[in-house]
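Read the structure below first, then the notes.
The values are calculated or read from the model by the stated rules, or taken from the named source; none is laboratory data. Worth saying up front: this structure is predicted, and the values here are computed from it rather than measured. Note: ideal-geometry Cβ built from the backbone for every residue, glycine included; neighbour counts use all protein chains shown.
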Amino acid sequence: MPAFTPTPPDALASALVDLQQGLELLGLPCCVIDQALRYRFVNAAYLAYAGRVAGELLGRELGEAALKPPTDERRRMLARALAGEDLVFDRLTVEGPDEGRWVRAHYHPIRRDGEVAGAAVVVVDLQTLKEAEAAIAARERQLALITDTIGFPVTYIDRDGILRFANAQSVAWSGMRRDDMVGRHYHELAPPPVLAQSRPLVERALAGESVTYEREALWPGREKRRIRGYMIPD
């Protein structure tokens, strides 16, 4: 008779022995997917997030278990995680009680004996952040509409000295593109002679003082002009 060859242990099952308790205590929705794209573990928080029971997911392939096939990049992200890459992906929930809410999915490869046996997916709610970002974007559009209509340069510098907003006139005056201005420190944007004059004024404004100043400046198309500037603390 041929010698009996035992079935080798499942590497992911072995890894889950060590991970399962921690994933349950995590408090965030989490599932583990194997290389065959099957659910191998779901914690209680994930079942609540998905609005499912364990028997509807465990051991089933993602496509079989899904009520609504996703149309975003989550499957591609999972494939990359199963190839060994740590990833973060913001996505809309497509089914369950939280359908329509934004979440941030963290994809972490699970390695055993040097091989990727599966991937853990941890979900963090992002809805409040996304709503805040949308409100800020709407506010910035409104601000741009108003300040572009004013007809003179307006910029916004945060407390770290980073330029966060520049209206059309400010962009035209600088001779730069808006994308090359926003997100950079004002030290990088101002010519040295202008920076020498403006730095102490900006520091006063960032300390809470309303500042009015005058200086000579090269106004586009008008040669050197005398200008008056206002720095208003936010």
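Once the stretch 77-111 is narrowed to residues that are over 13 Å from Tyr49 (Cα atoms) and aromatic (Phe, Trp, Tyr), the residue that is farthest from the chain's Cα centre (by Cα) is Tyr107. If you go through the stretch 147-179 and pick out every residue that is in a helix (DSSP H, G or I), within 28 Å of the chain's Cα centre (by Cα) and loosely packed, with under 12 Cβ neighbours inside 10 Å, you end up with 1.
Among the residues of the stretch 201-224, at least one is in a loop (DSSP other than H, G, I, E, B), acidic (Asp, Glu) and modelled with pLDDT of 90 or more. Within the stretch 21-36, the residues that satisfy the criterion of being more than 26 Å from Leu126 (Cβ to Cβ) and either part of a loop (DSSP other than H, G, I, E, B) or more than 28 Å from the chain's Cα centre (by Cα) (or both) are Gln21, Gln35, Ala36. Restricting Val202, Val171, Val182 to residues that are under 14 Å from Met231 (Cβ atoms) and in the same structural domain as Glu216 (by TED's automatic domain parsing) narrows the list to Val202. Considering (1) surrounded by 14 or more Cβ atoms within 10 Å (Cβ to Cβ); (2) farther than 30 Å from Arg80 by Cβ, the lone condition that Ala120 does not fulfil carries the number (2).
Of all residues in the stretch 123-138, one or more are within 20 Å of Leu26 (Cα to Cα), in contact with a Cys (Cβ under 9 Å, 6 or more places away or on another chain) and buried (at least 18 other Cβ atoms within 10 Å of the Cβ).
Okay, residues lined up against (1) closer than 24 Å to Asp113 by Cβ; (2) not hydrophobic (A, V, I, L, M, F, W, C):
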site	(1), (2)
Val32	yes, no
Leu37	yes, no
Phe41	yes, no
Ala44	no, no
Ala48	no, no
Glu56	no, yes
Arg60	no, yes
Gly63	no, yes
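Yes or no: the stretch 37-56 includes at least one residue that is farther than 24 Å from Glu131 by Cα, at pLDDT 90 or above, acidic (Asp, Glu) and part of a strand (DSSP E or B). Within the stretch 37-56, none of the residues are farther than 24 Å from Glu131 by Cα, at pLDDT 90 or above, acidic (Asp, Glu) and part of a strand (DSSP E or B). The residues in the stretch 180-220 that are exposed (fewer than 11 other Cβ atoms within 10 Å of the Cβ), among the hydrophobic types (A, V, I, L, M, F, W, C) and either in contact with a Pro (Cβ under 7 Å, 6 or more places away or on another chain) or over 19 Å from Ile232 (Cα atoms) (or both) can be counted, and the count is 1. Evaluating Ser14 against the criteria (1) assigned to a helix (DSSP H, G or I); (2) closer than 16 Å to Val122 by Cα; (3) small (Gly, Ala, Ser) leaves one unmet condition, (2).
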